[in-house]
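Heads up: the structure comes next, in structure tokens.
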Amino acid sequence: MRVGFGYDIHKLVPGRNLVLGGVKIPSPLGEDGHSDGDVLIHALIDALLGSTGLGDIGTLFPDSDQKYKDISSRTLLEQVMVHLAGNHWHVINADTTVVLEEPKISPFSGEMRRNLAQDLDLPVEDVSVKAKTKEGMDAAGAGKAIEAYAIVLLENNIPKWDTIVSLLWKQTGKSELPSVSKIARKKRDPFRVLVSTMISLRTKDEVTLTASTRLFQLADSPGTMANLSEQEIARAIYPAGFYKTKAKHILKVCRILLTEYAGSVPGNLEALLTLPGVGRKTANLVLNLGFGMDAICVDTHVHRISNRTGWIETKNPEETEYALMEILPRNYWIKINELLVTFGQTICSPQSPFCSKCLIEDFCEKRGVTRSR
Ligand code: SF4
């Protein structure tokens with residue numbers, strides 16, 4: 001958590017609007033300034049940037065830049081909030097004070113609070129706007145200037161990966177491994193990983209393991225498997241989902257591996273993605289478990305949990321893969337799939353997750369969770 005303190009002062013001059021917290025207040029004098037001069041929001045921005053070390057208002061919005069001429073300070077605050085969010089900061093509360101001789105601003109303070117609460121993405125109770133006078137002292141006291149002070153509390157929610165991974169490991173370490181991991185543990189063979197991952201798509205884990213084992217008893221290399229008929233492969237992998245289509249793809253893949261890759265599985269994403277029935281999830285798992293290469297395999301569990309926790313915000317597994325590559329340290333790229341698949345199967349289930357037992361609850365925003373156990 002960080003505290004930020006902000007201050008600003010503007011001259012009061014005729015011919016300008018008096019704008020505070022986005023509210024235009026009837027007054028013969030208004031704030032002088034390049035933007036709309038909203039001294040309250042400027043103090044708030046000063047506090048937000050000061051606490052996070054992300055620059056200052058003059059650097060971000062220089063008054064030499066004409067695009068900021070007479071701009072609403074709420075627009076500047078909005079841009080600052082985007083900047084903060086991109087660095088995983090969010091505001092917990094804000095306390096502000098305006099120093100002004102006249103007019104009285106109390107009739108407008110409710111509207112100011114609502115505006116600021118909306119801009120800071122906070123409930124209105126977590127924002128306060130107070131007013132003081134300088135009792136005739138100095139420029140503000142003489143009615144020639146207006147001042148504002150702001151204090152903010154912010155929290156950074158960058159995931160703490162070492163802690164999260166060790167908690168996930170603690171929670172899932174004794175659970176059954178996903179079937180493709182079990183197959184890969186027996187023997188690191190890219191071909192077995194490729195075929196068992198193809199079988200695993202839209203198929204229950206226990207079915208994947210028995211279906212893969214049956215098929216590998218008949219043939220366990222591209223050369224021997226290419227000698228099987230489509231029907232023999234389909235019979236071996238039944239009742240895996242879409243077993244007939246998968247049998248066709250597996251046979252085609254074996255033939256391509258024999259003719260184009262000398263009977264080996266290619267160890268790069270682009271080549272794997274050209275194989276029939278092979279998408280990014282399968283290709284990345286082959287790179288992970290078959291070749292021990294750094295890649296993030298995103299299946300339904302990894303996509304759901306990464307978004308549910310609020311670590312990322314993405315629409316599909318491919319976006320999730322790229323977003324996780326941005327925030328997850330490389331040494332966890334291989335491990336994260338196995339951990340989250342097991343965690344998703346045992347704790348963070350799709351419909352009603354076991355939040356009461358969850359060891360990473362402190363790192364989870366529970367986005368979209370309406371029912372939990
Ligand atoms: S707190 Fe609940 S929703 Fe969040 S990761 Fe844990 S089980 Fe899943």
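Where a number appears in this text, it was derived from the coordinates with a stated rule and is not lab data. For clarity, every value in this text was computed on a predicted model and none was experimentally measured. Glycine gets a Cβ as well: all are built from the backbone with ideal geometry, and neighbour counts include every protein chain shown.
Under 15 Å of direct C-alpha separation, and excluding same-chain neighbours fewer than eight residues apart, LYS104 reaches these aspartates and glutamates: GLU135, GLU147. With each label modelled as a point 7 angstrom along the Cα→C-beta vector, the LYS248-THR59 pair spans 6.0 nm. Name the trypsin sites (Lys or Arg not before Pro) in the range 45-116 that are in a loop by DSSP and that have at most 14 other C-beta atoms within 10 Å, would you? Filter output for the range 45-116: LYS69, LYS104. Mind checking the angle between helix 39-52 and the chain's longest principal axis? C-alpha axes, 0 to 90 degrees, to the nearest 10. The answer is roughly 40 degrees. Taking the three principal axes of the alpha carbon atoms in the chain, the coordinate ranges are 96, 44, 30 Å, sorted in descending order. Which of the residue pairs LYS281/LYS335; LYS252/LYS335; LYS11/LYS132; LYS335/LYS366 have a Cα-Cα distance greater than 25 Å in the structure shown? Over 25 Å Cα-Cα: LYS252/LYS335. Taking 19 Å as the straight-line reach from the Cα of LYS160, the aspartates and glutamates in range (excluding those fewer than 8 positions away in the same chain) are GLU313, GLU321, GLU326, GLU338, GLU361, ASP362, GLU365.
Using the Cα coordinates of the range 161-363, the gyration tensor eigenvalues translate into equivalent-ellipsoid semi-axes of 31, 18, 14 Å, sorted from longest to shortest.
By average Cβ neighbour count within 10 Å, what is the ranking of 335-343, 53-61, 364-372 from highest down?
Final packing ranking: 335-343, 53-61, 364-372.
Across all Cα atoms of the range 2-156, the radius of gyration (one decimal) and Dmax (whole number) stand at 14.6, 44 Å. Taking label positions 7 Å along the Cα-Cβ direction at both ALA85 and ASN157, the computed distance is 1.1 nm, reported to one decimal.
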